[in-house]
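The values are calculated or read from the model by the stated rules, or taken from the named source; none is laboratory data. Model, not experiment: these values are computed from the prediction. Quick reminder, even Gly has a Cβ in these numbers, built from the backbone with ideal geometry, and neighbours come from all protein chains shown. These accessible areas exclude ligands, DNA and RNA; they are computed on the full protein's heavy atoms, side chains included. Shrake-Rupley method; radii C 1.70, N 1.55, O 1.52, S 1.80 Å.
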Amino acid sequence: MSLLGRDYNSELNSLDNGPQSPSESSSSITSENVHPAGEAGLSMMQTLIHLLKCNIGTGLLGLPLAIKNAGLLLQKTFVNYGEATMYGLETCPNTWLRAHAVWGRYTVSFLLVITQLGFCSVYFMFMADNLQQMVEEAHVTSNICQPREILTLTPILDIRFYMLIILPFLILLVFIQNLKVLSVFSTLANITTLGSMALIFEYIMQGIPYPSNLPLMANWKTFLLFFGTAIFTFEGVGMVLPLKNQMKHPQQFSFVLYLGMSIVIILYILLGTLGYMKFGSDTQASITLNLPNCWLYQSVKLLYSIGIFFTYALQFHVPAEIVIPFAISQVSESWALFVDLSVRSALVCLTCVSAILIPRLDLVISLVGSVSSSALALIIPALLEIVIFYSEDMSCVTIAKDIMISIVGLLGCIFGTYQALYELPQPISHSMANSTGVHA
């Protein structure tokens with residue numbers, strides 16, 4: 001079972017031993033959960049590969065639309081996010097927070113599950129959109145690359161059919177639980193993503209119009225959608241601590257994190273700004289849908305879709321590690337593997353059903369970003385720092401910074417969620433929809 005990467009005997013025994021104190025839990029995670037028996041941890045390069053791949057996903061391709069919606073001016077070691085929140089609250093001076101610290105873990109775990117499964121749903125839509133466009137435009141695809149023009153085509157198959165085609169392959173993929181095995185797929189995904197990004201930048205940097213006719217600030221309603229999309233692009237927030245926990249030398253993680261996120265942020269800014277400057281008001285939910293209808297750029301959609309396919313397993317790792325241990329604890333050891341694989345299959349099917357029910361790539365990206373990503377990336381970290389370190393003479397600058405970040409996150413969460421929900425029942429326009437059957 002090394003491929004699946006789970007030792008059910010040790011896991012069930014640990015569940016039978018009852019709850020542990022924070023110090024016992026931390027040492028247990030350090031000695032057992034971080035590096036399973038017989039396995040070495042992730043190397044620095046493997047960790048960087050995972051970090052880059054789980055942050056460079058579909059959200060990156062939606063940044064040109066986000067810029068359109070905004071305008072051109074723009075001390076526990078081996079723990080996961082939920083445990084870090086719980087342990088932090090247990091050490092704060094407030095008695096009530098200490099007594100209810102476990103609810104911090106439950107809240108973060110719930111948001112992580114919602115966020116990561118939301119990412120996976122978006123991946124379904126993205127792959128189905130691009131697959132539909134490649135298949136249904138094959139008869140009008142040429143070797144000459146010209147700017148894409150709007151042409152009404154009758155869809156051969158509904159977009160939901162393409163989602164169902166992808167479903168069984170993703171179910172098989174998530175049966176692989178070992179991060180070291182997944183690093184092979186992560187490397188492949190990074191290679192395909194790098195190749196497709198090179199072709200995208202090569203195209204959008206050709207003949208960029210002078211941006212004098214583009215607004216510096218967009219309508220406030222669409223700016224709210226920008227917030228959700230921008231926060232969504234940091235898709236790897238839930239994988240940061242799991243990756244650190246799996247490293248051979250966790251003390252090197254800070255360097256990997258700073259290097260990886262510097263690369264990611266530079267890439268985000270460049271693609272978002274240049275993509276919007278290139279396509280203007282015609283910017284689609286994913287920039288791949290704006291590319292010319294020729295075989296060269298059809299290959300971009302194929303390459304990026306392959307990368308997203310393998311990234312699905314990485315993003316799925318977080319909710320699986322939260323939900324599955326609880327499910328396994330409810331059954332006997334002989335049923336553990338069956339329950340594990342069944343829950344994984346059910347969660348993948350859930351993301352597929354979500355994508356089928358709301359097949360609007362742009363709005364789902366904004367909604368997931370506004371609801372969950374803003375809380376995980378902005379609100380909770382800032383408030384947690386104040387709660388934990390306020391009694392240790394925090395500087396006024398740090399307190400003001402944390403308060404400002406949490407307020408921005410809260411306002412973005414409220415108004416971004418409202419605007420995304422308001423837009424969902426509205427008629428789909430060519431400029432905003434992710435529908436791929438109407439462009440050629």
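For this structure, a couple of remarks:
- Calculated FRET efficiency, residue 294 to residue 91, Cβ-Cβ distance, R0 = 45 Å: about 0.15 to the nearest 0.05.
- Only protein heavy atoms count here; on that basis, with a 1.4 Å probe, residue 360 has an accessible area of about 20 Å².
- Under 5 Å between amide hydrogens, built in the peptide plane, is the criterion, and for residue 247 it picks out 42 among residues at least 5 positions away or on other chains.
- Shown are 393, 340, whose ranking by accessible area with a 1.4 Å probe and every protein chain present, most to least, is 393, 340.
- Here each label is just a point 7 Å from Cα along the line to Cβ, and for residue 160 and residue 407 those points are 4.5 nm apart.
- Inter-part distance, the range 383-413 to the range 265-294, computed on C-alpha centroids, equals 34 Å.
- Per atom type, the range 300-435 shows carbon and sulfur on 75% of its accessible surface, probed at 1.4 Å.
- Only protein heavy atoms count here; on that basis, with a 1.4 Å probe, residue 166 has an accessible area of about 20 Å².
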